[in-house]
1. Tell me which residues, restricted to region 354-380, are surrounded by fewer than 19 Cβ atoms within 10 Å (Cβ to Cβ) and either within 20 Å of VAL532 (Cβ to Cβ) or within 16 Å of the ligand (Cβ to nearest atom) (or both).
2. Identify all residues within region 322-341 that are more than 8 Å from the ligand (Cβ to nearest atom) and in contact (Cβ under 8 Å) with a residue 40 or more places away in the chain; write none if there are none.
3. Tell me the strands (runs of 3 or more DSSP E) entirely within region 449-564 that contain at least 1 residues that are more than 12 Å from the ligand (Cβ to nearest atom) and of a type in the set (Ser, Thr, Tyr).
4. If ARG204 meets every condition in (1) under 12 Å from VAL191 (Cα atoms); (2) in contact (Cβ under 8 Å) with a residue 24 or more places away in the chain apart from one, which number is that one?
5. For residues that are modelled with pLDDT of 75 or more and either among the basic types (Lys, Arg) or on the phi > 0 side of the Ramachandran plot (or both), tally how many sit in region 128-175.
6. Among the candidates PHE407, PHE412, single out the residue that is touching a helix residue (DSSP H, G or I) at 6+ places or on another chain (Cβ under 6 Å), within 13 Å of the ligand (Cβ to nearest atom), aromatic (Phe, Trp, Tyr) and in a loop (DSSP other than H, G, I, E, B).
7. Would you mind stating whether THR397 is hydroxyl-bearing (Ser, Thr, Tyr), in contact (Cβ under 8 Å) with a residue 24 or more places away in the chain, outside any loop (DSSP other than H, G, I, E, B) and more than 15 Å from the ligand (Cβ to nearest atom)?
8. So ALA439 clears everything in (1) away from the ligand (no atom under 12 Å from the Cβ); (2) modelled with pLDDT of 95 or more; (3) touching a Gly at 6+ places or on another chain (Cβ under 8 Å) except one condition, right? Which one?
Amino acid sequence: MSLAKGAISMIQNSSSGPSELASMSLGSLAPAQSRFREQWLRGTLSAGRNVFVLLVELLLVTISFELSMSHFESRLAPLEIGEAAILIVVLVLVFRGAALIAFGVCERSFRHAGLSDAIAIAKAVAVSSVALYAACFGLKTHFDVVPPGGFFLADAATLFLMLSTFQFSARIYHFFVDTAGTSAAAAKRVVIIGAGDAGVSVLRELLDMPRSGIVPVALVDDDPMKRGTLICGVPVVGGLPNLAAVLSEFQASEVLVCIPSATSSQRKRILAACRKGGVPIRTLPGVVSLLDNRASMRDLRSITIEDLLQRDEFVPDRNLTSQLVAAKVVLVTGAGGSIGSELCRQIAAACPRRLVLVDKSENSLFYCHLGIQEACPGLEIIPVLGDVTDDHFVRTTMLQGRPNLVFHAAAFKHVGMMELHPDQAIRNNVLGTRNVLLAATDAGAEIFVNVSTDKAVNPRCYMGLSKKLAELFVKESDARHRTRCMSVRFGNVAGSTGSVLRIFSEQIRQGKPLHVTDPHATRYFMSIPEAVFLILCAASLGKGGETFIFDMGEPVNIYELARTLMLFAGVMPGEELPIHFTGLKDGEKVAEELWDGWEVPESTDNSRIFKLAGSNPLSIDIFSAVGRFHEFIAAHDHAGLVQYIAELVPGFAQQRTSLSEFATNQVQDDLERVNA
Ligand SMILES: NC(=O)c1ccc[n+]([C@@H]2O[C@H](COP(=O)([O-])OP(=O)(O)OC[C@H]3O[C@@H](n4cnc5c(N)ncnc54)[C@H](O)[C@@H]3O)[C@@H](O)[C@H]2O)c1
């Protein structure tokens with residue numbers, strides 16, 4: 001019934017009178033007409049331009065023919081009179097004109113003339129010359145003399161030169177006009193690394209744009225066959241081991257890395273040489289991002305954090321992740337965060353039965369859910385918005401979801417903020433972990449993985465201490481439950497929210513000075529995907545009760561990192577942007593460690609993962625401590641909590657001078673850095 005009504009109303013609505021119909025159709029025709037008119041105009045203009053070019057080329061054909069005739073004058077005099085003269089000129093114009101049209105010579109762009117245009121001209125001239133010779137030979141009864149082969153060769157060569165000069169005239173004109181406007185002193189001298197297809201494409205593009213103010217001064221290539229040659233007038237020198245010397249010899253002001261297939265060790269060597277020479281660098285993406293290995297200046301990008309940290313050996317083994325999570329229900333807390341969301345991405349790609357995402361930030365949860373839904377449309381994903389410090393919420397979620405695997409990445413992580421709010425550090429990071437672990441074991445989870453941090457080692461701040469206590473709780477809980485409970489501990493991940501790398505990159509982008517605590521400060525860094533893959537590897541290795549640490553490579557000097565990030569963003573450190581030293585505050589360390597003095601790293605089946613052996617000399621009863629934390633927090637007794645912590649972990653309190661003073665200084669300093 002309603003369908004019928006709808007149909008009737010549609011018919012009624014569309015019952016317009018003839019004049020309305022006419023105006024409607026005229027209205028809808030108007031844009032089509034104007035499009036047609038525009039296309040017609042464009043077509044006419046382009047046809048007119050081609051006809052004009054053809055006429056000029058035929059004029060050149062005539063001039064070339066006349067010049068060649070005058071050269072062979074004594075032998076071809078009979079051809080210059082009467083019917084023979086008219087016939088031969090007509091033949092020349094028809095054959096040459098037909099060839100120029102057939103090879104599309106008159107349609108080619110002058111501004112972008114290149115080798116393919118010269119080849120088209122050569123073909124048109126050669127084919128028409130052979131045809132002319134054959135025609136003259138066939139019509140020899142009409143001519144008193146048949147022009148010799150030498151005449152056709154001379155005419156072909158003259159015509160090829162004239163047509164090529166005409167075709168390249170616009171490029172030659174622009175080259176001289178454009179270069180006239182640029183001063184050699186102001187030009188940026190670039191060294192291109194890689195004299196392959198990609199490097200040469202970029203070189204040609206640069207040479208075609210003299211006004212860009214970028215002058216390619218040398219190409220660097222490891223291939224000895226290329227070395228010592230000139231490509232488009234630019235010398236090829238080599239190779240990568242001599243890069244630092246090449247940069248100084250050619251006074252390079254920028255390096256363009258044009259080796260899409262460069263291995264990470266090659267990239268590292270290039271980065272090291274540029275860093276040593278203080279030369280900014282831009283790079284092409286990998287081969288997969290480039291079509292046919294052809295590259296353009298537009299493809300060049302700044303070095304990313306991942307480029308800086310790339311290690312040769314990181315090849316994620318997708319089979320391993322699949323063996324761990326395939327057909328399992330997996331729950332991730334802190335799913336909206338830097339580590340949680342990458343955990344969700346890698347787990348989702350390995351086909352779990354169901355993925356439960358838990359986070360208390362609605363926005364982060366929304367985007368994580370959306371991203372995974374788009375990447376894995378068939379996967380059952382359950383986003384759960386809630387707080388892991390709410391025990392009832394956690395238990396209900398676990399009992400409803402019944403996860404086989406639980407990854408706990410929900411935490412507060414900002415050192416300065418936790419110094420201001422020690423109660424929140426304990427509430428979120430210790431009591432939150434307790435809630436998730438106990439609910440997971442009660443719901444029958446097979447594996448519980450607590451994501452920890454190197455700040456938990458010999459902690460000097462509340463954030464580190466809370467993570468240390470959480471690790472201890474996880475370790476001690478393992479013996480009490482059937483669930484395999486373990487912690488994974490690692491240093492900074494590059495590019496996570498609030499990381500120093502992100503802050504530096506943002507400050508460089510905004511042209512603000514960079515702040516470094518101490519010239520000797522070092523930190524471990526790893527890319528987020530790599531760290532998360534190792535978390536999953538550790539989960540499959542764990543028997544229960546372990547604290548795993550990862551091989552994070554060499555620690556990175558933060559001052560050097562700041563300088564490198566500046567260089568790679570095209571900014572000269574110290575000259576264009578200053579780096580200020582702020583000095584270490586209480587709780588901050590010059591270097592982070594991955595394990596405590598009493599912990600002994602032992603190798604595992606995975607060469608990048610170690611498990612820590614040794615017993616904690618600080619043998620506190622973590623279960624009763626956690627119970628007391630709960631009581632202090634429930635009673636809002638923050639002073640009592642801080643006092644209790646000082647008694648529980650005496651070393652921690654001794655390492656700190658004035659807690660409140662430090663807290664205020666730290667946050668004040670963070671705010672100044674961000675606002676500077
Ligand atoms: N980022 C690093 O460089 C790094 C390095 C080593 C270890 N870690 C550890 O990994 C963990 C996660 O770090 P991240 O960088 O992903 O942090 P993040 O701040 O990006 O993510 C944490 C997520 O947890 C959520 N969350 C916090 N408290 C919650 C609660 N009570 N209930 C529910 N959700 C809550 C937040 O909303 C956020 O989405 C932390 O324990 C951190 O110490 C981080």
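The values are calculated or read from the model by the stated rules, or taken from the named source; none is laboratory data. What you see is a predicted model, and the numbers here were worked out from it, not measured in a lab. Virtual Cβ from ideal backbone geometry, glycine too; neighbours counted across all protein chains shown.
1. Of everything in region 354-380, those that are surrounded by fewer than 19 Cβ atoms within 10 Å (Cβ to Cβ) and either within 20 Å of VAL532 (Cβ to Cβ) or within 16 Å of the ligand (Cβ to nearest atom) (or both) turn out to be ARG354, SER361, GLU362, ASN363, PHE366, TYR367, LEU370, GLY371, GLN373, GLU374, ALA375, LEU379.
2. GLN323, LEU324, VAL325, LYS328, VAL329, VAL330, LEU331, VAL332 - these are the residues of region 322-341 that are more than 8 Å from the ligand (Cβ to nearest atom) and in contact (Cβ under 8 Å) with a residue 40 or more places away in the chain.
3. 547-550
4. Going through the list (1) under 12 Å from VAL191 (Cα atoms); (2) in contact (Cβ under 8 Å) with a residue 24 or more places away in the chain, ARG204 breaks only (1).
5. Summing the residues that are modelled with pLDDT of 75 or more and either among the basic types (Lys, Arg) or on the phi > 0 side of the Ramachandran plot (or both) in region 128-175 gives 1.
6. Only one candidate passes the filter, namely PHE412.
7. For THR397, the condition - hydroxyl-bearing (Ser, Thr, Tyr), in contact (Cβ under 8 Å) with a residue 24 or more places away in the chain, outside any loop (DSSP other than H, G, I, E, B) and more than 15 Å from the ligand (Cβ to nearest atom) - is not met.
8. (3)
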